[in-house]
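Have a look at the structure below before the remarks.
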Amino acid sequence: MKINEEIVANIAELAQLDMPQEQLQEYLDSLNNVLELAEQMQSIDTTDVEPMSNPLDSIQHLHADSDDGFVTESNHRERYQKVAPETEQGLYLVPKVID
Amino acid sequence: MKHAQSIKSILNALDKKDYSCRELVQHFLTRIQAQNDHLNAYITVCSESALKHADLMDQARSAGTAPPLAGLPIAHKDIFCTNGIKTTAGSRMLNNFIAPYDATVVDKMSTAGTISLGKTNMDEFAMGSSNENSFYGNVNNPWAAGTIPGGSSGGSAAAVAAGLCAASTGTDTGGSIRQPAAMCGVTGLKPTYGRVSRWGMIAYASSLDQAGPIARSAEDVAILLNVMAGHDPKDSTSLNEAVPDYTQALNRPIKSLKIGICPAHFRDGLDQQTEQAIQIAIKQFESAGATISEINLPMTKHAIPAYYIIAPAEASANLSRYDGVRFGHRCDQPQNISDLYKRSRAEGFGKEVKQRIMVGSFALSAGYYDAYYRKAQQIRRLIKNDFIAAFNKVDLIIGPTAPSPAFKMGEKSADQISMYLQDIYTITSNLAGLPAASIPVGFSNNMPVGLQIIGNYLDESKILNLAHQFQLMTDWHIQTPAETTP
């Protein structure tokens, strides 16, 4: 299928990527290239084929219950927040969310 | 020639005190200083910490408390988090990111006594096959200036080939260890999915990503895999299976081995001299007593479209964490929260990364999910079934690693799809989760050619056995490029 600039703008919104009008065409072309490539897949009959999301079909492992609970790490908040653009009293600062 | 020795010879020389760990590390640092401006294989060089660590290893050696690889100078792909050291994943997004912890791979390598000389260049977030997508500039292939080293672990492969480290780590999502190893004339292995922990390894496509070693020979790779492999409770997808000693099987005779060749790997688009080098290698395996037979992997040609839906889909989810709030790039003077997210991401990510995020977001969006993402996952199962059928007949599958040797910078960067086709032989093992290696088997137009060896699940020993036996018969793996600077 071919898509249009409107769909590209919508995808950019979903992906939270700032995309000026003049860039839409470039991303539209690249999306159409990949979708054209993906079109090849439609020639394969995949009726009743179970989709594979993990190469080993493994299941999510669960921790065993233990007496000391599930805490395996101590608190590293200060160290981890050192790489944040802006923090205050252990909180991440962002521009006002609600007016 | 300390920098072109095998791991065994280096450890042996350190044992005999031919040189100290400090002298060895200093030797590599001097080479990096002389050559990295040109090669650009390293993004960050850790001279001070490397020398400090070398002194500790010298002390441990004198005290008799040295770990097995004490003093071995290595480099980590800049996708592995390294405590206190800048970790960029080749992106502007992480240009200011000092990782607050070590990846499990980094931790294991360090505990084994290896010394990290620095962090190697790579395609941004491992998305690329030529290293041309790095925010930190192109890497020169040590075999020819102006030529790509392959990608995405291009810096890691180039550093080994140029003798700027004894070995390195890489990651492989669609061929990112094997393809640059092939193009730089070194040996690289992508282990079985889950064999090596992904904890602390910056995620691209989580169901495909796997870390592995890049080194001068199969023997060196085996030594490193012994250290890297194993279950990690911090990675729920890591395999809880015993780790064999990968050096044990290296010397088995290959007489009884059944090797499969897939005709689909030798179709149009394969460079002629590459094919010749591969055919000669096949003859050599045959004369060493291995049985060669044809197998079929009919789904191979559909692997590219399936991969370029699945990998971007997973990437679009993984890369949503880069939002300018907790770490990484933040835009100047955000007007509101939405502006902060959108501009930080648009400025922090490069073009190829944004294109893949767009493809992934599209493939996962309502109305298109079944036609693209679900369909690709179904084809993924068919690809795995192909391999299961093939491995009922043969022990290993061999063929070319890449359709051509390294190409000139800029040659394919304008044509996205022809760049994607670079991965045609490598991505099937990622989709199926199988282990696969690349070893040097000759030259095409004076550039190295790699042979890929794919094995069944957890058959890394068998792959390395075949690779090692080939390297005992040939000298491709010990050839080195002419020094780029005196």
Cβ-placed point charges (K, R +1; D, E -1), dipole of chain B about Cα centre in debye, nearest 20: 540 debye
Global geometry of chain A, whether rounded, prolate or oblate, following the gyration tensor of its Cα atoms and the 1.5 cut on a/c: oblate
Cα gyration tensor shape for segment B:212-364, rounded if a/c is under 1.5, else prolate or oblate: prolate
Prolate/oblate/rounded call for segment B:338-480, Cα gyration tensor, a/c under 1.5 rounded: oblate
Peptide B:351-362 - average C-beta neighbours from other chains (10 Å radius): 6
Per-q log10 I(q)/I(0), segment B:283-328, q = 0.22, 0.24 Å⁻¹ (Debye; single scatterer per alpha-carbon; no solvent): -0.83, -0.87
Check: the protein assembly as shown dipole with +1 on Lys, Arg Cβ and -1 on Asp, Glu Cβ, in debye: 1160 debye
Size of charge dipole - chain A - debye, nearest 20, with Cβ of Lys, Arg +1 and Asp, Glu -1, no other charges: 400 debye
Relative contact order for chain B, counting Cα pairs under 8 Å that sit 6 or more residues apart, in percent: 18 percent
Residue among B:299, B:333, A:1 farthest towards the positive dipole end of the protein assembly as shown, charges placed on Cβ: B:299
Packing rank of B:94-105, B:422-433, where each peptide gets the mean count of other beta carbons within 10 Å, highest leading: B:422-433, B:94-105
Under 19 Å from the Cα of residue A:82 - lysines, other chains or at least 8 residues apart: B:86
With eigenvalues of the C-alpha gyration tensor scaled by 5 and rooted, segment B:106-195, Å: 20, 15, 12
Nearest 10 degrees, 0 to 90: helix A:21-39 Cα axis against chain A principal axis: 80 degrees
Cβ-based net charge around residue B:193, under 14 Å, with every Lys or Arg adding one and every Asp or Glu removing one: -4
Whole-Hz couplings from phi, Karplus 6.51/-1.76/1.60, listed for segment B:12-27; x for Gly and Pro: 5, 5, 5, 4, 7, 6, 4, 8, 8, 4, 4, 4, 5, 4, 4, 4
Positive-end extreme of charge dipole, chain B - chosen from B:240, B:24, B:169 (charges on Cβ): B:240
Partner aspartates and glutamates for residue B:108 [C-alpha distance under 12 Å; skip if fewer than 8 residues away on the same chain]: B:232
Max mean-square fluctuation residue, GNM over chain A, Cα-Cα springs under 10 Å, options A:33, A:75, A:54: A:75
Options A:46, A:83, A:16, ranked by Cα towards positive dipole end of chain A, top entry (Cβ charges): A:83
Relative contact order of segment B:189-300, pairs being alpha-carbon contacts under 8 Å that are 6 or more residues apart, as %: 23 percent
Net charge over other residues, Cβ less than 14 angstrom from the Cβ of residue B:343 (K, R count +1; D, E count -1): -1
Neighbourhood charge, 10 Å Cβ-Cβ cut-off, centred on residue B:299 and excluding it, Lys, Arg +1 and Asp, Glu -1: +3
Mean Cβ neighbour count within 10 Å, used as a protection proxy, ranking B:164-172, B:184-192, B:303-311, B:367-375 highest first: B:184-192, B:164-172, B:303-311, B:367-375
Cross-link pairs beyond the 23 Å C-alpha cut-off, checked among A:96/B:351; B:17/B:190; B:8/B:462: A:96/B:351; B:17/B:190
Principal-axis tilt of helix A:5-14 within chain A, Cα atoms, nearest 10 degrees: 10 degrees
Accessible-area order (highest first, 1.4 angstrom probe) of the listed residues B:472, B:69: B:472, B:69
Percent antiparallel among DSSP beta bridges (both partners in the protein assembly as shown, rounded to 5): 70 percent
Residue B:443 long-range amide H proximity, modeled H, under 5 Å: B:449
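The values are calculated or read from the model by the stated rules, or taken from the named source; none is laboratory data. Nothing here was measured: the structure is a model prediction, and the numbers come from that model. Here the Cβ is made from the backbone with ideal geometry for all residues, glycine too, and neighbour counts use every protein chain on show. The area values use the complete protein model at the heavy-atom level, side chains included, leaving out ligands, DNA and RNA. Shrake-Rupley method; radii C 1.70, N 1.55, O 1.52, S 1.80 Å.
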